[in-house]
Amino acid sequence: MRTPLPIATFLFCLCALPLGAQTDTLRLIFAGDIMGHAPQIKSAETGPGQYDYRPCFRYVKPILEQADLAIGNLELTLPGKGPYSGYPMFRSPDALAVALHDAGFDILVTANNHSNDSRGPGVVSTIETVRELGFQQTGTFKSRRDRELFYPLMVYRNGFKLALLNYTYDTNGVPTEAPTVVNLIDTMQIAADLAEARSRKPHFIIVVMHWGLEYQLHENAEQRKLANFLIRNGADMIIGAHPHVVQPIREETVTLPDGSKKSAVVVYSLGNFISNQQKPGTDGGILFQVDLLHRKGVPYAEVGAYGYIPVWRYIHRDAKGKSTFFAVPTDRPPTDLTMPATATNAMRTYAEGLRKRL
């Protein structure tokens, strides 16, 4: 067994397995929306055409590195060359992906409403860039054949076999250019994909959904309906993104066709991992940490302890006016940066408000 959660604000355990020497543990961490607004691009610039995002993640890196698998939602494109831009068409330097890999991320999901911001060539460039860096990636594909070969994404780690699926509600009206593919929320296609996932007999099936309404602190009826649909069709855990604020974490239970009950943890929205958004609640998010448990000889894994770690976006400005964006775990604030009182108070207010809501 791994050590207890390092900074978790709460812990639950749905574990029904008798723990012992024959039970393996796989620790997962999910991070929310990784954004690339224009001020972030500017702050990462170190010289003409040169960028370094590694400082942004220095304070969350120790947490991510404790996970067996760290998964992030890459809500931007990597076109491979400038001009780079923020909202509404997110085009970031490849250096951002380099920094995410250095920080400890293992998997990036790329199906979101900004998947097509650099059109078809950008979809391909984003996929090739992250795969060449060593990430596993899913949600968008270079071609239909690419999807057939690599979807659902099968992940093997520490004796666990996982299936990971990823879908988005839309691409902001920007059409997907052939031959690229962006997974859209289509219940007939999702049901077929989950059937394929089940046929591969993974220990656990995870679906990452880009859904819901922006800036809403609670999930809506459509999200709940989709969550129940996913669970009925085989999903063991559902992770949500897109609202840019944190939404509830719930255990949803459905009735299967044979009359039995199935429950699954649903994180309706992780909020922002890093961004320059300024609306209330968008200045942070959570890292969702969960331990999966697998007893040898059992064909499935179950959910053990899980919890969340609040992460707040701090924009530091040095004496020369140079800014740096940091993802800061609120329970482990930087000791090597002097944060002004206004920032410290804002971080505290964010964390306290989040705990009250969750």
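None of the figures in this text is laboratory data; all of them are computed from the coordinates on show. The structure displayed is predicted, hence computed values, not measured ones. Reconstructed Cβ throughout: ideal geometry from the backbone, glycine too, with neighbour counts over all protein chains shown.
At a glance:
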{"item": "In region 125-210, the trypsin sites (Lys or Arg not before Pro) that fall in loop regions by DSSP, at most 13 other Cβ within 10 Å", "result": "R200"}
{"item": "Where chymotrypsin sites (Phe, Trp or Tyr not before Pro) fall in DSSP loop in region 264-355, at most 16 other Cβ within 10 Å", "result": "Y300"}
{"item": "Sites excluded, GluC sites (Glu not before Pro) in DSSP loops with at most 16 other C-beta within 10 Å, longest stretch of the chain", "result": "1-176"}
{"item": "M339 versus E148: modelled label distance in nm, points set 7 Å from Cα along the beta carbon direction", "result": "5.1"}
{"item": "Computed helical MRE - 222 nm, the chain, DSSP H runs ≥ 4 contributing -39500 (n - 2.57), nearest 500", "result": "-7000 deg cm²/dmol"}
